[in-house]
1. Tell me the residue from B:Gly80, B:Gly74, B:Gly142 that is at positive phi, in contact (Cβ under 8 Å) with a residue 60 or more places away in the chain, open to solvent by less than 50 Å² (accessible area, probe 1.4 Å) and more than 20 Å from the chain's Cα centre (by Cα), please.
2. I'd like to verify a number: residues in the range B:311-329 that are closer than 16 Å to B:Gly464 by Cβ and crowded, with 21+ Cβ neighbours inside 10 Å, how many?
3. Quickly run through the range A:104-148 and pick out the residues that are in contact (Cβ under 8 Å) with a residue 12 or more places away in the chain, out of contact with any helix residue (DSSP H, G or I) (no Cβ under 6 Å at 6 or more places or on another chain) and of a type in the set (Asp, Glu).
4. If you go through the range B:431-442 one residue at a time, do you hit one that is of a type outside the set (D, E, K, R), more than 22 Å from the chain's Cα centre (by Cα) and under 17 Å from B:Leu287 (Cβ atoms)?
5. Does any residue in the range B:273-296 that is within 22 Å of B:Lys81 (Cβ to Cβ) come within less than 8 Å, Cβ to Cβ, of a residue that is surrounded by fewer than 19 Cβ atoms within 10 Å (Cβ to Cβ) and of a type in the set (Asp, Glu) six or more places away or on a different chain, and which pairs are these?
6. Just to verify a result, which residue in the range A:54-72, among those that are surrounded by fewer than 24 Cβ atoms within 10 Å (Cβ to Cβ) and in contact (Cβ under 8 Å) with a residue 60 or more places away in the chain, is farthest from the other protein chains (Cβ to nearest Cβ)?
7. Tell me the helices (runs of 4 or more DSSP H) entirely within the range A:46-122 that contain at least 3 residues that are under 26 Å from B:Gly359 (Cα atoms) and not aliphatic (A, V, I, L, M).
8. Would you list the strands (runs of 3 or more DSSP E) that sit entirely within the range A:171-283 and hold 2 or more residues that are open to solvent by 30 Å² or more (accessible area, probe 1.4 Å)?
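The values are calculated or read from the model by the stated rules, or taken from the named source; none is laboratory data. Note that the structure is a prediction, hence the values are computed from the model and not measured. Here the Cβ positions follow ideal geometry from the backbone for every residue, glycine too, while neighbour counts run over all protein chains shown. Remember, those area values only see protein heavy atoms, side chains included, never the ligands or the DNA or RNA. Shrake-Rupley method; radii C 1.70, N 1.55, O 1.52, S 1.80 Å.
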Amino acid sequence: MFALFLLACATDATAPEVTHEAAATPAGPLVIYSGRSESLMGPLFDKLEQQLEIELDVQYGDTAQMVTRLATEGDESPADLILAQEVGHLDVLAKQGRLAALPAPVLAPVDPRFVDPEKHWVGTSGRLRVVVLDSQAVAEADRPASLRDLADPRWKGKLGWAPTNGSMQSHLGALCSLWGEDVTRTWLEGVMANEPRRYPKNSPQVEAADKGEIAIGWVNHYYLHRKADRSRAINHSFPTEGDAGNILMLSGGAIPVSAAQPERAAEVLAALVAEPAQTYFAQETFEYPVRPGVKTHDNVPALSTVKLADVDPTALTDLRCARKLLDEADLL
Amino acid sequence: MTLSRLPAWGVTTALVVPPLLGLVAAAWQAPVDPYAVGSGVRWDRAFAAAGSSLWLALVVVVASGALGTFLGWGQARWSGKAVAFASIAASLPLVVPSYVTAAALSRFWADLTGAPPSGMAAAVVVLVLATVPLVQLTVATGLRATSAAEEEAAASLGASDAAIVRAVVWPRLRPALALSSLLVGLYAISDFGVVAMLDVPVLTWRMYDAVARQQLLRAAVLGGLAFAAVLPLAALAWIVRGQAPAQGVANQRPRPAGPAGGLLTSVYVALACGVGIAGALLPIGVLGSWVAEGASRGLLFADPVPPLLHTLAIAGGGATALVGISAIPAFTRGGRALEGAVYATSVLPAILVAFGWLGAALGVARLLGGRDLYTFLMSSGTLLVLAYTARFLAEVHGPLKTSFLRLDPRHQDAVAVLGAPPTAWLRWVALPAVRPGASTAFLLGVVVLAKELPITLLLGTPAGLQPLAFRLWDRYGEALWHDAGVAGLLLIGVGAVGRVALWWQGATRLT
């Protein structure tokens, strides 16, 4: 009954709220569009299926792909839940009125800094933007002091990046907020003049740095920690106070207004911010938990030791500038 | 024994038309860009991608044609155990899916030199390795159809070897070589797996990117350019196919193979074995080394059983549906027009077929049924089966049609005269006659569907299917080489089993 009410209100300007009630007999598997990879999320979804006694139909893909697919499908979309590598992509859907407001049981356990003020999405884990270095190729004295240094010609032929990756796009969006669109464009052109190697995702950059194929890759912090057999790759946060390269980003989840099983979706989302899943993110995938009281991994540096940029969180959700610059540069 | 041609045309039209309409529908849809950047067509990039596709095809055709012709010549004209062994070695790349070769050789080169290979150069090498066996076999077959009597007559009249080749051999070889070149060109333009693994900015890879981002107008334009690039080649291949010269000599016999001479034999063996090593043994070895290294480092391996089961389900179930649907046009003696229609979508890039069906499904759902219809089409695997059938109809049509041609209406009359029910004809006459062709068609379907990539990526994952091809694609992109290695080796194994079954079936049928 509530699902019908939800669908009927789909065109309402005020996003309807999903209630977090025990669902009636589920009608088919819960469909999840996951912008996070199977290697990261698969084991967690297996546990949730057993814990919640629910069948999940998880469709994996690039975050931007999933967002645009959901937007294109509109009311025909079968997705009950969407997970994004970066919440900025969820905000795109929220601005189009495609996301339902989340219930209090989902939002309450989470640090308020990691919750959408409009309650359309919730963060599920945090990741720190860093550069991964080949420690043998880059001496300590030569390490970049700022993200701006990546445009320095001395790095020509030594950089790697993943322009189709959601994290890089969100970071570019933050740069647009901090530096302005024109300065960001100039910086991007400078980096491109260094002919960075293009990788599909972040993991191959870490591999490449560890094998000496590149000297610097632009990634999220946890990929290095996941590579247990690394020999020469190290993470590097920029030592400049408040540098634009030091940004904490959020992965998150949301429920489309067109969801057929919004209550079940809310159950799954609540499970993702519950302590067991948050411990999984912290201890297995080396990310920063969003739930207070959950300890980060011993190998992961505390956020207090990083000279984080003072960036408006909403800048991490404005991807228009980032996509425009990447499109102009033919990087998408 | 014929059906009215209407069902055959109905089935064929139902497979050929929707993807093309879907392409048009996608071009007419208002672009959806939630990022508000603008998904307008970038004609400069579209034409650049088209130029890259054509350039890639041209280089592959020339290189593959030259190498394949030399190898085919040696296989047909030169004797000796070394030549025979090398000829078999050169066909080994057929066992390994080309995108698996691309993934393995790319990493091998990167580990060897410290830098990944240039995308276009690597794509040329891999596609040449994948297509040389096709040219080699075509040329060897063409040479065996030439007449020794004609060549001996020319020699007795004082013609030199070069003159004999020019005047006698070349006219007979030319159609086979032209056809194989056109097929290689089609293969290179339509390829998705190799260019995707190597990130080469050609039409098929750009199209997948655009579809994945739901930039439907851009995808439709790229699809139109791919269509325009492929159709002339397909039409030429269709024309050339029927241009074998008439036999002019009675009691024709092929020229017996003779010794090649030391240097030529050495060059032949080196090149042929090189193709076999680079195109099959080296990729298999690289995949094995990934697995061994992962095991020695104590890395956690993802369970390979679910993707293996998905692959077997896709290959077996898909091949069954493929044979069942294809039986109708195969059963009908429909003439060249129907034959042409059957081959129409098979020459299109698979990504174009998949995208066309996706666009058609979205359009139909919006017109008729809304979310439930669209969900059903995507999640039930219906779209997947339709796309597979449209793309691979031609692969199974040949053996199916051959088996149906063996049915004789007089047998049915004889059964009726003897007083037996119609089911007796079906059980004792029709099914045994059709079974060999149907099983060949089924096995061919299994071999091509097990390794299929672009349709599976676009339409398989919404149906909850993540076969070995997807596992390899996903893990390779994540640099999880050990998992990619397991998936690649299993994929090669499944294909090899299918090919062995095909060979065994052919061998037992001859005894």
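1. Details: B:Gly74 fails: at positive phi; B:Gly142 fails: at positive phi.
Selected residue: B:Gly80, the only one of B:Gly80, B:Gly74, B:Gly142 that is at positive phi, in contact (Cβ under 8 Å) with a residue 60 or more places away in the chain, open to solvent by less than 50 Å² (accessible area, probe 1.4 Å) and more than 20 Å from the chain's Cα centre (by Cα).
2. Step one: filter the range B:311-329 for residues closer than 16 Å to B:Gly464 by Cβ, giving B:311-314, B:317-318.
With the extra rule that they be crowded, with 21+ Cβ neighbours inside 10 Å, the set shrinks to B:311, B:314, B:318.
Of the residues in the range B:311-329, 3 are closer than 16 Å to B:Gly464 by Cβ and crowded, with 21+ Cβ neighbours inside 10 Å.
3. A:Asp111, A:Asp116, A:Glu118
4. no
5. So the pair list comes out empty.
6. Among those that are surrounded by fewer than 24 Cβ atoms within 10 Å (Cβ to Cβ) and in contact (Cβ under 8 Å) with a residue 60 or more places away in the chain, it is A:Ile54.
7. Details: elements: A:63-73, A:87-95, A:104-107.
Result: A:63-73.
8. Working: elements: A:216-220, A:233-236, A:248-254.
Those strands (runs of 3 or more DSSP E) span A:233-236.
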